[in-house]
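Before any comments, here is the structure.
Just so you know, all these numbers are worked out from the coordinates, no wet-lab data involved. Please read all numbers here as calculations on a predicted model, not as lab measurements. Glycine also receives a Cβ, built like all others from the backbone with ideal geometry; neighbour counts cover every protein chain displayed.
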């Protein structure tokens, strides 16, 4: 194996570990009760304007009426994103007709490379119901801030770069309020139970 490949694989492995740690830290900060108070959830989500494959604007208002499962990532992602999108594809199949009661979004954290068309081509390999969204750098930064998503560019020794980012799937209810998360590589039966609760309009678990 060449020295360059070793460097690249080492960098990718570090990104996966950092993304997992960041996701766990982020979720812990979100759901940890403070002084015995109820779980704090209102801080996740907010206004955004992004672009779909047809070049049309998509805002948070377009999600209202259906619960949503939202993954933030990028198309050059070596592991976390394709793995999670494959899992999402499996959830859609397992839910059967109920799958159409959810919105599924894959929002890039790397708009410089992930144009709307690149995103559309990428998600088409998984399920047509997963919508890939991109936008300008300021638009992406806005949605990352609104959803408290961690994302950071990581330079590689060959002059290229990868992205370190939160790995959880964000669950939003039909009013686009934060419901909870599905962790990276969470057991399928646990993920499906959360999605069914979301579809049924049940209260989030504390």
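For residues in the range 126-155 being in contact with a helix residue (DSSP H, G or I) (Cβ under 8 Å, 6 or more places away or on another chain) and without any contact (Cβ under 8 Å) to a residue 40 or more places away in the chain, which is nearest to residue 68 (Cα to Cα)?
The extreme case among them is 129.
Among the residues of the range 156-186, what is the count of those that are closer than 16 Å to residue 113 by Cα and either outside any loop (DSSP other than H, G, I, E, B) or in contact with a helix residue (DSSP H, G or I) (Cβ under 8 Å, 6 or more places away or on another chain) (or both)?
Residues in the range 156-186 being closer than 16 Å to residue 113 by Cα and either outside any loop (DSSP other than H, G, I, E, B) or in contact with a helix residue (DSSP H, G or I) (Cβ under 8 Å, 6 or more places away or on another chain) (or both): 6 in total.
What number of residues within the range 98-111 are surrounded by fewer than 18 Cβ atoms within 10 Å (Cβ to Cβ) and out of contact with any helix residue (DSSP H, G or I) (no Cβ under 7 Å at 6 or more places or on another chain)?
Residues meeting the conditions: 1.
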